[in-house]
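Structure first, then comments.
Taken together, the values in this text are just the output of simple stated rules run on the coordinates, not laboratory data. It should be emphasised that the depicted structure is a prediction, and the values quoted were computed from it without experimental measurement. FYI the Cβ positions are ideal-geometry reconstructions off the backbone, even for glycines, and counts take in every protein chain you see.
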Amino acid sequence: MTFLNGFVLIDAPASALNNARDAMDAQYDNEVGVKMIQVSRTERYPYVSAQAFRYWLRDTLAQNPEWLAHTAPVFREAKVAYTDANPMQYWDDDLFGYMRAEGKKTSAAEGRKGDASREGATDIKQSVTRTSPFRVGTLVSLAPVNIVKDFGTMSRSGPNMQDGDPVPHSHQFYRAVFKGQLSLDLGRAGLFTYTSKAGNQNLDEVRRRLAEDGGLEHLPAQKAYRLPRAERAERVAALVAGLAELRGGAKQALHYTDVSPAAVLLVVTKGGNNPLQYVVGSDDRGQLRVNVEALKETVRAWKDQFCSPLYVGWTAGFHDAERARLRAALEELRADGMDFVLDHPRTVLRRLADDLRGDAGAAWLD
């Protein structure tokens with residue numbers, strides 16, 4: 001089984017991409033804070049939760065008409081929500097996972113019967129769950145930063161405005177470069193198991209029958225059904241291409257931030273470990289730094305596990321000196337037999353999507 005592993009960098013020059021419920025060191029009752037990790041009294045690392053990042057990607061993918069046509073409906077039941085949980089039909093159920101456990105009470109069953117939004121929903125005989133083949137890490141600032149507070153007021157003028165003091169408010173923001181790890185289990189994309197282990201009971205009796213009727217390949221030894229390779233490739237390629245278009249984030253009206261990757265490093269490996277995580281960090285001044293020695297040592301140590309070239313996307317204008325150092329190190333590694341692709345992140349991710357659909361992807365997905 002193979003995995004697509006690596007990380008993305010997102011440049012946030014003056015941003016508040018993921019807000020906290022309670023603001024640290026708040027000076028006002030209505031102050032909006034940012035999510036951060038406090039390591040010491042003075043060191044604070046802003047972060048974007050993995051849930052927020054996954055939401056950005058889901059929302060971005062929904063702009064793709066083909067992906068949208070294969071997006072699962074969501075059903076609500078009191079304080080519980082779940083998708084249709086049909087990974088054969090819905091791409092997001094396949095790649096992002098699901099848990100569908102309907103309420104057992106009579107009132108819940110009656111409510112489902114009267115819910116018009118469930119028309120056409122897949123029946124269910126028992127609870128089904130699927131762990132996500134696509135995994136992400138929390139996006140964390142490469143270095144500790146100063147959290148800035150911006151003071152503002154609601155003080156518009158107009159005939160309906162009453163006399164009196166303006167209404168003050170405050171919010172926090174920062175300047176940071178975020179790094180987040182990514183991993184996509186290529187072998188599990190389009191592969192649906194029916195074992196009783198938690199997270200692996202992807203299919204119940206109803207869904208197994210749908211798999212049989214749909215002509216999916218049955219793998220009795222694995223207790224699984226698998227989609228044809230071309231269908232699996234199209235799904236993972238659409239997800240990878242979606243990363244290139246990534247959009248989202250809080251406070252965009254005040255701190256518009258392009259959250260599409262400023263840089264991305266990815267490689268297909270034989271296992272789920274992420275050998276590239278130490279290639280980019282920060283120096284003593286908190287500035288982004290490419291650790292070329294870590295890159296060389298990593299490639300030499302893990303080269304026997306690599307199944308693809310290194311896919312390196314790095315936007316021109318984003319820490320150009322580090323991009324040049326990275327290119328020089330990659331050229332040295334090429335002389336040792338390690339190939340790479342270096343270009344704009346959007347170009348590289350789309351190239352990777354094409355490779356997943358092509359002959360190379362055929363080997364990675366088997």
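At a Förster distance of 56 Å, what's the computed FRET efficiency of GLU297 paired with ARG54, Cβ-Cβ distance as r, to 0.05?
Values: r = 31 Å, r/R0 = 0.56.
That gives a FRET efficiency of 0.95.
For THR131 paired with VAL206, estimate the spin-label separation in nm (one decimal), with each label point 7 Å from Cα along the Cα-to-Cβ line.
That separation, rounded to one decimal, is 2.6 nm.
Once you charge only the Cβ atoms, +1 for Lys and Arg and -1 for Asp and Glu, what is the size of the charge dipole of the chain about its Cα centre, to the nearest 20 debye?
660
Provide the gained length on full extension for the span MET1 to ALA363, in nm with one decimal, where the gain is 0.36 nm per separating residue minus the Cα-Cα distance. Walk me through the numbers on the way to the answer.
On the way: separation 362, 0.36 × 362 = 130.32 nm, distance 0.99 nm.
Taking MET1 through ALA363 to full extension adds about 129.3 nm, to one decimal.
Going by a ≥ b ≥ c, the root eigenvalues of the Cα gyration tensor, does region 307-366 fall in the rounded group (a/c under 1.5), the prolate group (a/b larger than b/c) or the oblate group?
Working: a/c = 4.17, a/b = 1.51, b/c = 2.76.
Since a/c reaches 1.5 but b/c is at least a/b, the shape of region 307-366 is classed as oblate.
For region 1-76, what value does the Rg/Rh ratio take when both radii are computed over Cα atoms and Rh is the Kirkwood radius, given to two decimals? Walk me through the intermediate numbers first.
Values: Rg = 17.3 Å, Rh = 15.9 Å.
Value, to two decimals: 1.09.
If exposed GluC sites (Glu not before Pro) are those in a DSSP loop with at most 16 other Cβ within 10 Å, what is the longest stretch of the chain that has none? Could you put the intermediate results ahead of the total?
On the way: sites that count: GLU43, GLU102, GLU119, GLU245.
Value returned for the longest uninterrupted segment is 120-244.
Answer with one residue from ILE10, ALA50, THR60: the one whose Cα lies farthest towards the positive end of the charge dipole of region 1-80, charges on Cβ with Lys, Arg +1 and Asp, Glu -1.
ALA50
Provide VAL167, VAL236, VAL299, VAL145 in ascending order of the number of other Cβ atoms located within 10 Å of each residue's Cβ, fewest first.
VAL167, VAL145, VAL299, VAL236
Simple spin-label model, 7 Å along Cα-to-Cβ: HIS218 to ARG41 in nm?
Roughly 6.8 nm, to one decimal.
For ASN273 and ALA316, compute 0.36 nm times the residue count separating them, minus their Cα-Cα distance, and round to one decimal in nm. All intermediate terms of the calculation are to be shown ahead of the outcome.
Numbers: separation 43, 0.36 × 43 = 15.48 nm, distance 2.89 nm.
Additional length available on full extension: 12.6 nm.
Work through the residues other than ASP204 whose Cβ is under 11 Å from its Cβ and net out their charges, Lys, Arg +1 and Asp, Glu -1.
Values: positive: ARG100, LYS125, ARG207, ARG208, ARG209; negative: ASP123, GLU205.
After counting each charged neighbour, the total is +3.
Distance from a point 7 Å along Cα→Cβ of ALA81 to each backbone N in region 30-54: keep the residues under 18 Å and list them by number.
Of the residues in region 30-54, 49-54 have backbone N under 18 Å from the label point off ALA81.
Have a look at ALA328, GLY190, LEU239 and report the one farthest towards the positive end of the charge dipole of the chain, computed about the Cα centre with Cβ charges (Lys/Arg +1, Asp/Glu -1).
Value computed over the given set: GLY190.
Return the single residue from LEU333, LEU139, LEU295 with maximal mean-square fluctuation; model: Gaussian network over the chain, springs between Cα atoms under 10 Å.
LEU333
Using 0.36 nm per residue, how much length does the chain from GLN63 to HIS344 gain when fully extended, once their Cα-Cα distance is taken away?
Working: separation 281, 0.36 × 281 = 101.16 nm, distance 2.16 nm.
Working it through step by step, the gained length comes to 99.0 nm.
Give the span of the chain's Cα atoms along each principal axis, as three whole-Å numbers ordered largest to smallest.
66, 66, 37
Rounded to the nearest 500, what is the chain's calculated 222 nm mean residue ellipticity when only DSSP H runs of at least 4 contribute -39500 (n - 2.57) each, over all residues?
When only DSSP H runs of four or more count, the value is -8000 deg cm²/dmol.
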